[in-house]
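The values are calculated or read from the model by the stated rules, or taken from the named source; none is laboratory data. Please read all numbers here as calculations on a predicted model, not as lab measurements. Neighbour counts run over all protein chains shown; Cβ positions are idealised from the backbone, glycine included. Remember, those area values only see protein heavy atoms, side chains included, never the ligands or the DNA or RNA. Shrake-Rupley method; radii C 1.70, N 1.55, O 1.52, S 1.80 Å.
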Amino acid sequence: MKKIRLITAVITALSAVTAFSAAASAADVIDFENGKYSFVSMKTDDGGDDSVLSVVDFNGSKQLKVEVTDCKNVPKVCFDLNSILKKRDFEKVKTIEMDITIESKDGTTPPGWAGGAIGTQGGSNSPAWSQTPWELEENKKAVTDQTTICKKFLLYSDRLVNGTPDTQMILMRWGAEVDYNMYVDNIRFFDSDGKALKLSLRASSPKQTSETEEESETEAVTETETEAVTEAATEPVPETEPVTETETEPAAEEESEHETEAVTEAETEEILPESDNDTTSSTTGNVSAFAAASAVVLSGYAVAMTRRKKKQS
């Protein structure tokens, strides 16, 4: 009976590790499936349109909707890169890609030719503004096909600089004649080898921390969580009163089974913290969760064997 309970505990612990690993994995794409877009805003200076932003279901997935107020103006969709990229990864970015779709508001009129640019710049204009143009071919449908557009960093002077505050990426579409909505999805940042960089999405904040402060905070949180997991998994179980000779063997076994199950379940609940993608890497989370899960099973088995030996002696 004890072996069955321990096997059940192993399966439960490993299932929890699998779920924890999936949650802790860092994303390499912004697909808006979680409905969050606090790192996006509209720039309305110099003819920028006061478009309305939202996340909606569109073409089978959640996408960022840019509801343009005046089609003659230029919507300037601003992405706060300090809230998207890791501080040490700015200079690794060589290409930015995203998918866009344009639909006419009346649902019948084709939106016509569409063109614009993706630009980037750092705080205090350092690095300076640079942009890559894009365009969609004119078609006869009210909703264009989803098209991938990109921003390339061809010049050394255009590259993003690690830790630069107020670094922005701006998506623009030039003025048009047909009222329309624009949809954005699947934003990725690639390095020189064409590999998508892992992102560090967090709420946009006017105060940007330095790379040293961010790394120190990450290390502190990771260390604290690891210590908490270790202490929870290895905390000794208080010994109970010795079993007297007058007590029957079945009663002793039943008590041991209940206590072992309670200890295993309680420790399992303690050692599985929620993942924090902003501060803890997937590698650290996976190792901590696996080590803690193993400690729970071994701890429960040790308690059961110790109580059986006491009962037999």
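Which of the residues belonging to region 77-123 are buried (at least 18 other Cβ atoms within 10 Å of the Cβ), more than 16 Å from Ile187 (Cβ to Cβ), more than 21 Å from the chain's Cα centre (by Cα) and not hydrophobic (A, V, I, L, M, F, W, C)?
The answer is Glu103, Ser104, Pro111, Gln121, Gly122.
Let's see how each residue does on (1) assigned to a strand (DSSP E or B); (2) touching a residue at least 12 places away in the same chain (Cβ under 8 Å):
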site	(1), (2)
Asp46	no, no
Asp57	yes, no
Val77	yes, yes
Phe90	no, yes
Asp106	no, yes
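What residue, among those in region 158-208 that are modelled with pLDDT under 95, charged (D, E, K, R) and within 13 Å of Lys94 (Cα to Cα), is least open to solvent (accessible area, probe 1.4 Å)?
Asp158
Here is a check on your reading of the model: is Lys140 basic (Lys, Arg), open to solvent by 40 Å² or more (accessible area, probe 1.4 Å) and at pLDDT below 95?
yes
Among the basic types (Lys, Arg) and in a strand (DSSP E or B): does that describe Lys72?
no
Hey, among Thr144, Thr69, Thr95, which residue is β-branched (Val, Ile, Thr), over 14 Å from Gln168 (Cβ atoms) and in contact with an Asp or Glu (Cβ under 6 Å, 6 or more places away or on another chain)?
Exactly one of Thr144, Thr69, Thr95 is β-branched (Val, Ile, Thr), over 14 Å from Gln168 (Cβ atoms) and in contact with an Asp or Glu (Cβ under 6 Å, 6 or more places away or on another chain), namely Thr69.
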